[in-house]
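These notes concern the structure reproduced below.
The values are calculated or read from the model by the stated rules, or taken from the named source; none is laboratory data. Predicted model, so just to flag it, every value in this text is computed and none were measured. When we count neighbours, we look across all protein chains shown, and the Cβ atoms used for this are built from the backbone with ideal geometry, even at glycine.
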Amino acid sequence: MQLTPNYKLKKPEGADPVDILDLNDNADIIDAEFKKRPVASGGDISEMTVKTLETITTEFPVPVAGESTKKFLGKVKKFFEDTKNWMTGVCLIGQIVNNCVTNNDKLPLSAAQGKVLMDLYTVLNTKITNNGIVDSYSGDAVINLDWVRAGTVVYKVLNGTCFVDFDITVKAITAVNTLIVSGLPTSTIVRHGRIAGWENGNISMPFYLNNTDIIANPCSAGRYAGCFSFSII
């Protein structure tokens, strides 16, 4: 009696009697083995292993019907490898940041938050420009000829600071809070000072800066010259 190498089916030899039990045993073995094999309508392949996978070079391959198992699974493997590599530079919706407090340099800022920042930047830039931070400008102030005989008062705004240069000859001022110059850029503070006489060092004119005006207090007639500065922001 010989046995098959794989499933040990009994193979009677010429001199062996034919035993119906041997045939039944063979049939049971064959039936049990066939039950383990998957068929078109089903079958358990959970324990089946694939020894080799076909090497696929096409990017994002798609399996199709009729392919061998090793080619089918080779395509699946390559597809996931390509997806993993692609995901390295991909930003997911959940990673987009919509605030300005996150310090993770690997997370992108949302377009909506970028728009908010750009609007704030525009407002800030407008305020800065309007106050002379970006563009410098200059001009002539207006002297009050009721109290100023002659002279000039010029100014220049640079980076939020107004620089004033003056050379004026005034009449004797006897009243407090006398307007002598107007038309300067608006000051953010009330600045007090005293201007010394240009030709006569013994005289001086007390003054204060109020908004766009230079206001003088009682002083002697004479020529007064000098410069001062103030902030306009």
Against the conditions (1) within 48 Å of the chain's Cα centre (by Cα); (2) within 30 Å of N6 (Cα to Cα), where does N26 fall short? Just the number, please.
(1)
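Got a sec? Which of K84, K71, K36, K78 is more than 56 Å from the chain's Cα centre (by Cα) and of a type in the set (K, R)?
K36
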Would it be correct to say that G132 is assigned to a loop (DSSP other than H, G, I, E, B), modelled with pLDDT under 95 and buried (at least 18 other Cβ atoms within 10 Å of the Cβ)?
yes
Consider segment 51-90. How many of its residues are modelled with pLDDT under 90, of a type in the set (A, V, I, L, M, F, W, C) and surrounded by 11 or more Cβ atoms within 10 Å (Cβ to Cβ)?
2
Among (1) modelled with pLDDT of 90 or more; (2) on the phi < 0 side of the Ramachandran plot, where does G151 come up short?
(2)
Could you list all residues from segment 3-23 that are surrounded by 10 or more Cβ atoms within 10 Å (Cβ to Cβ) and either at negative phi or within 60 Å of the chain's Cα centre (by Cα) (or both)?
L3, T4, Y7, L9, K10, K11, P12, D16, D19, D22, L23
Name the one entry in I195, I168, I189 that is assigned to a loop (DSSP other than H, G, I, E, B), touching a strand residue (DSSP E or B) at 6+ places or on another chain (Cβ under 9 Å) and in contact (Cβ under 8 Å) with a residue 24 or more places away in the chain.
I189
Scanning segment 154-209 for residues that are of a type in the set (G, A, S), modelled with pLDDT of 90 or more and at positive phi gives G183
Just one of (1) surrounded by 15 or more Cβ atoms within 10 Å (Cβ to Cβ); (2) in contact (Cβ under 8 Å) with a residue 40 or more places away in the chain; (3) over 52 Å from the mean Cα position of the chain (by Cα) trips up F230, so point out which.
(3)
Is it the case that L209 is among the hydrophobic types (A, V, I, L, M, F, W, C) and buried (at least 19 other Cβ atoms within 10 Å of the Cβ)?
yes
Residues satisfying the stated conditions in segment 172-186, i.e. out of contact with any Asp or Glu (no Cβ under 9 Å at 6 or more places or on another chain) and closer than 26 Å to S138 by Cβ
P185, T186
Among V170, V181, V164, V176, which is the only one that is surrounded by fewer than 16 Cβ atoms within 10 Å (Cβ to Cβ) and not polar (S, T, N, Q)?
V176
Could you run through segment 192-205 and say how many residues are surrounded by 13 or more Cβ atoms within 10 Å (Cβ to Cβ) and over 53 Å from the mean Cα position of the chain (by Cα)?
7
Would you please list the contacts, defined by Cβ atoms under 8 Å and residues six or more apart or on different chains, that run from a residue in segment 64-85 that is hydroxyl-bearing (S, T, Y) to a residue that is not in a helix (DSSP H, G or I)?
S68/E54; T69/V50; T83/F60
Based on what the data block shows, is L107 surrounded by 11 or more Cβ atoms within 10 Å (Cβ to Cβ), in a loop (DSSP other than H, G, I, E, B) and hydrophobic (A, V, I, L, M, F, W, C)?
yes
